[in-house]
Amino acid sequence: MLPDYSDLLKCPFCGEKKKVFSLLSGNTFECELWSDTRFVAPMLPEVSPVQKCNRCGKYYFKNRQMCGKSDDYDGDRGLLSYQEWKEAYFQMLRDNAEGAHGKHVVSDDEVLEVRFLLIWAYNDYYYRNDECIIPSEEEHDFMVSLIKTQLEATKGWKPKGLLLKAEFYRESNQMDLCLETLKAVSDSGVSLDKVESLVFERLREEALKGNDKVFIVFSKK
């Protein structure tokens with residue numbers, strides 16, 4: 001892993017500048033691929049695509065607010081907790097609703113992206129850790145509602161993209177729709193590569209078991 005000089009960001013709300021980690025090169029040693037498409041690789045450390053301002057506490061997209069390079073290295077990746085992702089999501093829903101009249105316009109596609117990352121954050125917090133935290137009924141219902149909204153809002157699923165659609169159905173405990181979607185992938189005649197074929201088979205197996213939790217598709221140690 002080889003770091004780069006840190007990126008400089010500028011908050012669009014208050015102008016506060018922030019240094020975040022930047023990577024020149026890395027590798028996929030000890031990586032994991034999860035059923036929700038989350039790829040985790042310790043030697044490819046991620047920087048959160050949404051950052052929280054250290055001064056005003058507002059959230060903004062990293063790539064929108066790049067304002068240069070620092071002259072040193074910085075390890076801050078700006079990773080958000082699950083609760084912070086929820087705050088970011090609801091802030092951006094408000095920004096989206098007020099976009100026509102407000103200063104900080106957020107597009108429908110950006111809301112779609114943040115909702116997807118919030119689903120990841122939920123799975124990170126409850127299932128991708130060693131603490132075995134059990135979500136409350138309220139949190140589980142909230143996540144199911146998010147997934148259903150994401151399914152409704154996503155248009156033009158491509159044949160291979162239907163694997164993610166099937167996963168969303170599985171995570172929201174709509175097993176019949178998950179299996180129907182997987183059948184649509186088979187019926188489409190699309191050629192799946194080795195990893196996609198593995199994902200397909202594992203999704204089918206877990207749906208038939210009635211398992212609605214994310215799982216590791218493969219890991220490379």
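The values are calculated or read from the model by the stated rules, or taken from the named source; none is laboratory data. Keep in mind it's a predicted model, so treat the numbers as computed, not measured. Note that each Cβ is placed from the backbone with ideal geometry, even for glycine, and that neighbours are counted across all protein chains shown. Note: accessible area is taken over every heavy atom of the protein model, side chains too, but ligands, DNA and RNA are not part of it. Shrake-Rupley method; radii C 1.70, N 1.55, O 1.52, S 1.80 Å.
Kindly express, to the nearest 10 degrees and within the range 0 to 90, the angle between helix 108-126's C-alpha long axis and the longest C-alpha principal axis of the chain.
70 degrees
Given the Cα atoms of segment 135-219, and with Rh set as the inverse mean 1/r over their pairs in the Kirkwood sense, what is Rg to Rh to two decimals?
Computed over Cα atoms, the ratio is 0.97.
I need the trypsin sites (Lys or Arg not before Pro) found in segment 91-159, filtered to DSSP loop residues with at most 13 other beta carbons within 10 Å of theirs. Intermediate results must be reported in sequence, preceding the final value.
On the way: sites: R94, K103, R115, R128, K148, K155; in loops: K103, R128, K155.
Qualifying residues, ordered by number: K103, K155.
Counting just the Cα atoms, what span does segment 23-121 cover along each of its three principal axes? Round to the nearest Å and put the largest first.
Principal axes ranked by extent give 47, 39, 21 Å for the Cα atoms.
So what is the accessible area of the chain per residue, in Å², with the probe set to 1.4 Å?
For the chain, the solvent-accessible area averages 55 Å² per residue.
Within segment 103-131, name every residue whose backbone N is under 18 Å away from a label modeled 7 Å from Cα of T37 along the Cβ vector.
108-124
Sequence-distant or interchain residues sharing an amide H contact under 5 Å with V50, placed H: which?
Long-range HN contacts for V50: K62.
For the chain, modelled as a GNM with alpha-carbon contacts under 10 angstrom, which of A88, A166, A97 fluctuates the most?
Result: A97 has the largest fluctuation of those listed.
Which net charge results when you count Lys and Arg as +1 and Asp and Glu as -1 among the other residues whose beta-carbon is under 13 Å from that of A153?
Spelling it out: positives minus negatives among the neighbours equals -1.
Can you sort K17, K165, K160 by solvent-accessible area, 1.4 Å probe, largest first?
Sorted descending by solvent-accessible area, the residues read K17, K160, K165.
Taking the chain as a whole, which cysteines find no other cysteine Cβ under 4.7 angstrom from their Cβ?
Cysteines lacking a close Cβ partner in the chain: C31, C67, C132, C178.
Give the angle, between 0 and 90 degrees and rounded to the nearest 10, that separates the Cα long axis of helix 82-98 from the longest principal axis of the Cα atoms of the chain.
Once rounded, the angle reads 80 degrees.
Working with all protein chains in place, sort K221, K10, K183, K19 by solvent-accessible area computed with a 1.4 Å probe, largest first. Intermediate results must be reported in sequence, preceding the final value.
On the way: K221 175, K10 95, K183 120, K19 70 Å².
In descending accessible area the options line up as K221, K183, K10, K19.
Rounding to the nearest 10 and keeping the result within 0 to 90°, find how far the Cα-based axis of helix 162-171 lies from the longest principal axis of the chain.
Value to nearest ten degrees: 90.
Please report, in whole Å, how far the alpha carbons of segment 95-158 spread along each principal axis, starting with the longest.
Result, largest extent first: 43, 31, 19 Å.
Could you work out [θ]222 nm for the chain from helices alone, using -39500 (n - 2.57) per DSSP H run of at least four and dividing by all its residues? Round to the nearest 500 deg cm²/dmol.
The helix-only estimate for the chain comes to -14000 deg cm²/dmol at 222 nm.
Please work out the Cα convex hull volume for the chain and give it in Å³ per residue.
Cα-based convex hull of the chain, divided per residue, equals 146 Å³.
Using only alpha carbon pairs under 8 Å that are at least six residues apart, calculate the relative contact order of segment 117-221 and give it in whole percent.
24 percent
Summarise the accessible area of segment 11-148 (1.4 Å probe, protein heavy atoms) by the percent that is carbon and sulfur.
51 percent
Rounded to the nearest 20 Debye, what is the dipole magnitude of the chain about its Cα centre when Lys and Arg each give +1 and Asp and Glu each give -1 at the C-beta?
It comes to approximately 580 debye.
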